[in-house]
Amino acid sequence: MDTATTPTASPAPLKVAVILGSNREGRFGPVIADWFLERAARYDGIETELIDVVTARLPDALSFSPPPEEAARVEAVSGRLAAADAFVVLTPEYNHSFPAPLKNLIDWHRAEWQAKPVAFVSYGGRSGGLRAVEQLRQVFAEMHTVSVRDTVSFHNASALFDDEGNHRDPADADGAAKALLDQLAWWGNALRDARNRYTYSA
């Protein structure tokens, strides 16, 4: 008797929106973003897209009816977030918290976040941005996301990278990035399957 089975199709790549949350002049965030995107590009089964709060240019004041030009910018970001299956938020720590433009981007949206996982890459001084991450976990819980446990955290970040943006201790940092991506991929695929089967009620 022929016991051969029909091969199953490989799942579509997981779409991951990587959100760069700092807009300060002279910010270190692009170095962190380039480093993370390079590691994510090596990871099978995901596709990344960078959303930068600087280029997104969302209006500062939340409004149900922003002017047409501002509404168009909000809609453009909304579409990119809605298309994502998972998120990675890159954040510094400002005064024991996270940047205002990042909170603004989060608050302009709601359904786009729901029933999806979010992971965090943080950087800062001695705390490595972890206090910002702990506050973001509370914010994203309210948005009905699932935050993954493991983070990537850079303490005294500017001293950890050379002038070309290369990490001075790549093995340790690469291991942390892989652990984060492993968890994000698991939750991303599980929640995508669930959303495709069931309507999520917030």
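From most to least packed by mean Cβ count within 10 Å, the peptides 155-163, 136-144 give 136-144, 155-163. Taking amide H atoms as placed 1.01 Å from N in the peptide plane, the amide H of Gly128 lies under 5 Å from those of Asn156, each 5 or more residues away in sequence or on another chain. With θ taken as phi - 60° and the Karplus curve 6.51 cos²θ - 1.76 cosθ + 1.60 applied, the whole-hertz 3J(HN,Hα) list for the stretch 23-37 is 10, 5, 4, x, 4, 8, x, x, 5, 5, 4, 4, 4, 5, 4 Hz, x standing for glycine and proline. Using the Cα coordinates of the stretch 132-171, the gyration tensor eigenvalues translate into equivalent-ellipsoid semi-axes of 29, 10, 8 Å, sorted from longest to shortest. For Val88, the residues whose amide H sits under 5 Å from its own are Ala17, Val18, Ile19, Ala119, ignoring neighbours fewer than 5 places away on the same chain, with H placed 1.01 Å from N.
Spin-label model, Arg42 to Ala61: label points 7 Å out along the Cα-to-beta-carbon direction sit 4.8 nm apart.
Note on Ala141 and Ser158: the extension gain reaches 3.1 nm, defined as 0.36 nm multiplied by sequence separation minus the Cα-Cα distance.
Packing, taken as the mean count of other beta carbons within 10 Å per residue, orders the peptides 196-202, 145-151, 88-94 from highest to lowest as 88-94, 145-151, 196-202. Annotation: amide H-H contacts under 5 Å for Asp52 (H modelled 1.01 Å from N, sequence separation of 5 or more, or interchain): Leu20.
Put simply, the Cα atoms of the chain extend 69, 48, 27 Å along their principal axes, the longest span coming first. Highest-first packing order for the peptide set 55-62, 121-128, 173-180 is 121-128, 173-180, 55-62, based on the mean count of other beta carbon atoms within 10 Å.
Throughout, read-outs are computed from the coordinates displayed, never taken from laboratory work. Every value quoted in this text rests on a predicted model; they were computed, and no experiment measured them. Ideal geometry is used to build each Cβ from the backbone, glycine not excepted, and the neighbour counts take in all protein chains shown.
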